[in-house]
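Engineer: The structure's right below; bear with me while I get my questions together.
The values are calculated or read from the model by the stated rules, or taken from the named source; none is laboratory data. Quantities reported herein were computed from a predicted structural model and do not represent experimental measurements. Don't worry about glycine lacking a Cβ; one is built from the backbone with ideal geometry, like all the others, and counts go over all protein chains shown. Heavy atoms of the whole protein, side chains included, go into the accessibility calculation; ligands, DNA and RNA do not. Shrake-Rupley method; radii C 1.70, N 1.55, O 1.52, S 1.80 Å.
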Amino acid sequence: MSSAHLDASGRPLVAVTGLGMVTSLGRGKADNWSRLTVGQSGIHRITRFPTEGLRTTIAGTVDDLFDRPFAAPELSEKLAMIAAEEAVAQSGLGRPGDFPGPLFMAVPPVELEWVQKQELAASSNADVTYQALLADAARHRHTDYHAMFLFGSVADHIADHFGTKGSPISLSTACSSGATAIQMGVEAIRRGDAEAALCIGTDGSVQAESLIRFSLLSALSTQNDPPTAASKPFSKNRDGFVMGEGGAALVLESYESARRRGAAILGFVLGCGEKGDGFHRTRSSPDGRPAIVAMQQALADAGLEPDQIDYVNAHGTSTPENDKMEAMSCTAVFGERMGRLPISSNKSMVGHTLTAAGAVEAVFSLLTIAHGRIPPTINYREPDPNIPLDVVPNTARDAAVRRVISNSFGFGGQNTCLVFADSPA
Amino acid sequence: MAREVVITGIGLLSSLGEGVAPHVEAMDGARPPVIDTVSFAPYPVHPLGAVEYDRQIPKKSDQRQMEPWQRIGVYAAGLALDSAGIKSDAEAKDRMHVIVAAGGGERDHAVDGQILTGLKTAADPGVFLNERLLSDLRPTLFLAQLSNLLAGNISIVHGVTGPSRTFMGEEQAGVDAIRIAHARIAAGQADMILVGGSYNAERRDMMLLFELGGVMLTGDVVPTFARDAGHGGMVTGSVGAFLVLEAADSARARGATAQARLDSVAADRTRRNPADITRALTAMAGPLTGAPLVVSASSGVAACVAEEKAALAAIAPGATSVAMGDLTGHAVEAAFPAAVALAAALLQAGRGTEAVVTGVGHHRGEGLARLSRA
């Protein structure tokens, strides 16, 4: 391998040759980008299930993909399929049904839903118990439920459809899962295990119970009216995140392979950083050290100094805690320059797409570089005096952006940061 | 240049007890398997006995924040750290990576039953569901259900705070966790990784998922490799299994004992056409010299058992083989890590020089690891 295809550490450079996405803003990266950069919100009232009695009644669901009732893994699979079709087609890599690399997939945890359990309970005359459900299950009239609710099935179907190679990885690092999927693709290419990888984040799990679970943790915005104004990262009156759905896919490829076949190169993943936080299950270390270290490691892995970053694609959930912690951590990493370094949150428009978020925001980060335009943080009406940052308020901004760091932080102390660039460092 | 990967820590917890000794004794027939045929009848299960969780999870508040699958996993992870002699090395644990194979979603069975009963007569089922979930779900239950919160609890309880990933996907998650951990260390992307998983078999919600697919064994427990289409399926067991994998040079540098060498880990995902499993296992085994020990992580599902037997007859004829499921019950995500742990313990005990560990998921995924005496 020629040294032009290696990074400063002698590892294969990782190029991006395909991108695809679907969110509440629309299908495909062209529509998503045009709506994102005019500051449009995809958040709306939930119609998928009754919201009577709920404190939060809004989300960025993707509603137009089924004309029948569906389970969360079915929607997650469809979102992944749409995003991956777009990414693989753009890459021109392999042949239909024969993608020449492994699959790394961030998928939401799945379980039997109420609809299926109600079906199994139908034959029960007395109080319903799991023994009764088991007795009905033993009649084996619903064998399709088994495969549908196995954790590995969504990735299985994607692997079958695209013909990815080897054992597909289904992974979760909570709200940083999408970034982890990309990181694992980078690692596989750097190891020389593969010349290309299909990396996907998907989440179609807005259901009554999933929403109530976050609601019980007081994590969600309850400012339902108007829905489009609820997600307001970095604002003083932010009060929680808004659940979103979406899928995003990246085709990663060794620079050498992409060059050899004359593929259009959409950007590079120059660095990945990751640090666990043992402080608390849902809260970050008060000193921000894990997030700081994750960013610093991503920069070091990319062979870059903080001054070489042009834009921070924030995790920016719109929860009081995350945004404060993220602002503090960024200031620790980028110093006094942080006051001038643009940082914005895509979640102000698409909500928090949870398992998919890291991948969705990776695609937006690469589009930011490609278009030279920074998407805004919308709903920024009441600045938080404790977060004196340039959040690109309300209106997109044209700027030369060569290098982006994208942050993803999740429950369970997960902190993953990725560095994207227009060219090798 | 691939680096040599060794196992420097083993943490095992099951119905047989904790540590490797009771598992080796069970393999030798000196300790009978523990099987409960009553509590979850008609499904036999290998239940976890009393565990003094305080010994690995000192804070009661931490224990309360976890459901059993997480407590089992955190406990076994602690055993592995002890075994590797790294438990008190805060600096090493701050850098140590974690890969966990996990399921998740332990349900509140009583609440589910009550809600399902009420839904039958509710005037407006959707509204009823909202009301009941809001009032009956414990807020912190969610955190005991999230798949990555076993890894999260390991970082909180044991202070292991390097990069951390959680793989899902039933048995194959366990295979891929060890495969990726091995590959990352061999390639120099990590020096030390805590890898493994846990499974709580004493929960009807998981039995329900597997019974829907008709993959649970009911009635008499027969040995895994004697199961066939007439009497096959999974007998599950509660198991926590973690390993500390380490670059051999890193282990040497800190004076740690290599308990076994992990030479290779391969994984495949066939379409499960006839003979696919046999072909995949045979190909992954490659050429073997001598008569290796074989530890199988078989689920006990009849079609898989038959093909695995055919593969083993071809790749390791006459080998001493043991089905982990016969000792501890089938542990789904933790099955392959547990089988690798036993193989490593047997090699360290001088029971052989080479071992093969096979994993065949009950629905998908095939894996094979090769180990040798360190």
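Engineer: In the range B:278-292, is there at least one residue being part of a loop (DSSP other than H, G, I, E, B), at pLDDT below 95, surrounded by 22 or more Cβ atoms within 10 Å (Cβ to Cβ) and of a type outside the set (Phe, Trp, Tyr)?
Structural biologist: Yes - at least one qualifying residue is present in the range B:278-292.
Engineer: For the range B:76-147, please list each of the helices (runs of 4 or more DSSP H) lying entirely inside it that holds at least 3 residues being free of Cβ contacts under 8 Å to residues at least 12 places away in the same chain and closer than 27 Å to residue A:174 by Cβ.
Structural biologist: B:125-136
Engineer: List the pairs whose first member sits in the range A:93-106 and is free of Cβ contacts under 8 Å to residues at least 24 places away in the same chain, whose second member is of a type outside the set (Asp, Glu) and in a loop (DSSP other than H, G, I, E, B), and whose Cβ atoms are under 6 Å apart, counting only residues at least 6 apart or on separate chains?
Structural biologist: From the range A:93-106, no pairs qualify.
Engineer: Right, here's the next one. Report the residue count in the range A:404-425 for those that are part of a strand (DSSP E or B) and more than 17 Å from the chain's Cα centre (by Cα).
Structural biologist: 1
Engineer: Taking the range B:36-55, which residues are in contact (Cβ under 8 Å) with a residue 24 or more places away in the chain and in contact with a strand residue (DSSP E or B) (Cβ under 6 Å, 6 or more places away or on another chain)?
Structural biologist: B:43, B:45, B:46, B:47
Engineer: Could I ask something else about it? Picking from B:137, B:81, B:116, B:149, which residue would you name as being more than 8 Å from chain A (Cβ to nearest Cβ) and either in contact with a Lys or Arg (Cβ under 8 Å, 6 or more places away or on another chain) or closer than 19 Å to residue B:333 by Cβ (or both)?
Structural biologist: Values: B:137 fails: more than 8 Å from chain A (Cβ to nearest Cβ); B:116 fails: more than 8 Å from chain A (Cβ to nearest Cβ); B:149 fails: more than 8 Å from chain A (Cβ to nearest Cβ).
Of the residues listed, the single one that is more than 8 Å from chain A (Cβ to nearest Cβ) and either in contact with a Lys or Arg (Cβ under 8 Å, 6 or more places away or on another chain) or closer than 19 Å to residue B:333 by Cβ (or both) is B:81.
Engineer: If residue B:159 satisfies every condition in (1) open to solvent by 10 Å² or more (accessible area, probe 1.4 Å); (2) facing chain A (nearest Cβ under 7 Å); (3) over 30 Å from residue A:276 (Cβ atoms) but one, which is the exception?
Structural biologist: The single condition residue B:159 does not satisfy is (3).
Engineer: Any residue that is more than 30 Å from residue B:153 (Cα to Cα) and within 19 Å of the chain's Cα centre (by Cα) - is there at least one of those in the range B:237-253?
Structural biologist: no
Engineer: Determine whether the range A:193-215 contains at least one residue that is in contact (Cβ under 8 Å) with a residue 40 or more places away in the chain, more than 19 Å from the chain's Cα centre (by Cα), under 23 Å from residue B:152 (Cβ atoms) and in a loop (DSSP other than H, G, I, E, B).
Structural biologist: no
Engineer: When you scan the range A:14-26, do you find a residue that is of a type outside the set (Asp, Glu) and either open to solvent by 30 Å² or more (accessible area, probe 1.4 Å) or part of a helix (DSSP H, G or I) (or both), even just one?
Structural biologist: The initial filter retains those residues of the range A:14-26 that are of a type outside the set (Asp, Glu), namely A:14-26.
Next, from what is left, pick out any that are either open to solvent by 30 Å² or more (accessible area, probe 1.4 Å) or part of a helix (DSSP H, G or I) (or both): none.
No, the conditions are met nowhere in the range A:14-26.
Engineer: From A:420, A:409, A:364, grab the single residue that is in contact with a Gly (Cβ under 7 Å, 6 or more places away or on another chain) and either under 30 Å from residue A:154 (Cβ atoms) or touching a residue at least 60 places away in the same chain (Cβ under 8 Å) (or both).
Structural biologist: Result: A:420 is the single residue among A:420, A:409, A:364 that is in contact with a Gly (Cβ under 7 Å, 6 or more places away or on another chain) and either under 30 Å from residue A:154 (Cβ atoms) or touching a residue at least 60 places away in the same chain (Cβ under 8 Å) (or both).
Engineer: Shifting gears a bit: For the condition more than 7 Å from chain A (Cβ to nearest Cβ), more than 19 Å from the chain's Cα centre (by Cα), of a type in the set (A, V, I, L, M, F, W, C) and under 27 Å from residue B:66 (Cβ atoms), what is the one hit in B:226, B:177, B:190, B:186?
Structural biologist: Answer to the check: B:190.
Engineer: Does the range A:135-171 hold any residues that are in a helix (DSSP H, G or I), touching an Asp or Glu at 6+ places or on another chain (Cβ under 6 Å) and surrounded by fewer than 24 Cβ atoms within 10 Å (Cβ to Cβ), and which are they?
Structural biologist: Within the range A:135-171, just A:157 meets the criteria.
Engineer: Oh, and also: Can you tell me which residue among A:101, A:97, A:92 is at pLDDT 95 or above and open to solvent by 50 Å² or more (accessible area, probe 1.4 Å)?
Structural biologist: So the residue among A:101, A:97, A:92 that is at pLDDT 95 or above and open to solvent by 50 Å² or more (accessible area, probe 1.4 Å) is A:92.
Engineer: If you check A:316, A:262, A:271, A:278, which single one turns out to be touching a residue at least 40 places away in the same chain (Cβ under 8 Å), outside any helix (DSSP H, G or I), among the small types (Gly, Ala, Ser) and farther than 30 Å from residue A:217 by Cα?
Structural biologist: From the options A:316, A:262, A:271, A:278, the qualifying one is A:271.
Engineer: May I ask you to list the residues in the range A:339-356 that are part of a loop (DSSP other than H, G, I, E, B), of a type outside the set (Ser, Thr, Tyr) and in contact with a helix residue (DSSP H, G or I) (Cβ under 6 Å, 6 or more places away or on another chain)?
Structural biologist: First, pick out the residues of the range A:339-356 that are part of a loop (DSSP other than H, G, I, E, B): A:340-342, A:345-346, A:351, A:353.
Right, trim to of a type outside the set (Ser, Thr, Tyr) and you get A:340-342, A:346, A:351.
Listed by number, the residues that qualify are A:341, A:346.
Engineer: Let me ask another. Can you find even one residue in the range B:213-234 that is farther than 20 Å from residue B:339 by Cβ, modelled with pLDDT of 95 or more and crowded, with 24+ Cβ neighbours inside 10 Å?
Structural biologist: Looking through the range B:213-234, at least one residue is farther than 20 Å from residue B:339 by Cβ, modelled with pLDDT of 95 or more and crowded, with 24+ Cβ neighbours inside 10 Å.
Engineer: Something else about it: Is it the case that the range A:325-336 has a residue that's closer than 22 Å to residue B:152 by Cα and open to solvent by 10 Å² or more (accessible area, probe 1.4 Å)?
Structural biologist: Yes: one or more hits.
Engineer: Looking only at residues in the range A:357-380 that are outside any strand (DSSP E or B) and hydroxyl-bearing (Ser, Thr, Tyr), which one is most open to solvent (accessible area, probe 1.4 Å)?
Structural biologist: A:380
Engineer: Could you figure out which of (1) at the interface with another protein chain (Cβ under 7 Å from one of its Cβ atoms); (2) of a type in the set (S, T, N, Q); (3) open to solvent by 10 Å² or more (accessible area, probe 1.4 Å); (4) closer than 20 Å to residue A:219 by Cβ isn't true of residue B:164?
Structural biologist: Tallying (1) at the interface with another protein chain (Cβ under 7 Å from one of its Cβ atoms); (2) of a type in the set (S, T, N, Q); (3) open to solvent by 10 Å² or more (accessible area, probe 1.4 Å); (4) closer than 20 Å to residue A:219 by Cβ, residue B:164 fails exactly one: (4).
Engineer: Sticking with this one: Of everything in the range B:324-361 that's open to solvent by 10 Å² or more (accessible area, probe 1.4 Å) and in a loop (DSSP other than H, G, I, E, B), which residue is farthest from the other protein chains (Cβ to nearest Cβ)?
Structural biologist: B:350
Engineer: Same structure, new question: Here is a list: B:370, B:364, B:269. Which entry is out of contact with any Cys (no Cβ under 7 Å at 6 or more places or on another chain) and away from chain A (no Cβ under 14 Å)?
Structural biologist: When all the criteria are applied, what remains is B:370.
Engineer: Something else about it: Can you find, within the range B:212-246, the residue that is nearest to residue B:3 (Cα to Cα) among those that are touching a Phe, Trp or Tyr at 6+ places or on another chain (Cβ under 9 Å) and either free of Cβ contacts under 8 Å to residues at least 12 places away in the same chain or in a loop (DSSP other than H, G, I, E, B) (or both)?
Structural biologist: B:238
Engineer: Of the conditions (1) open to solvent by less than 10 Å² (accessible area, probe 1.4 Å); (2) among the charged types (D, E, K, R); (3) part of a helix (DSSP H, G or I), residue B:249 fails just one. Which one is it?
Structural biologist: The one condition residue B:249 does not meet is (1).
Engineer: Additional query: Which of the residues spanning the range A:153-168 are among the β-branched types (Val, Ile, Thr) and either away from chain B (no Cβ under 11 Å) or over 14 Å from residue B:176 (Cβ atoms) (or both)?
Structural biologist: The answer is A:154, A:158.
Engineer: Between a first residue in the range A:48-64 that is more than 10 Å from chain B (Cβ to nearest Cβ) and within 19 Å of residue A:241 (Cβ to Cβ) and a second residue that is small (Gly, Ala, Ser) and outside any loop (DSSP other than H, G, I, E, B), which pairs have beta carbons less than 6 Å apart while being 6 or more apart in sequence or on different chains?
Structural biologist: The qualifying pairs are A:56/A:215; A:60/A:244.
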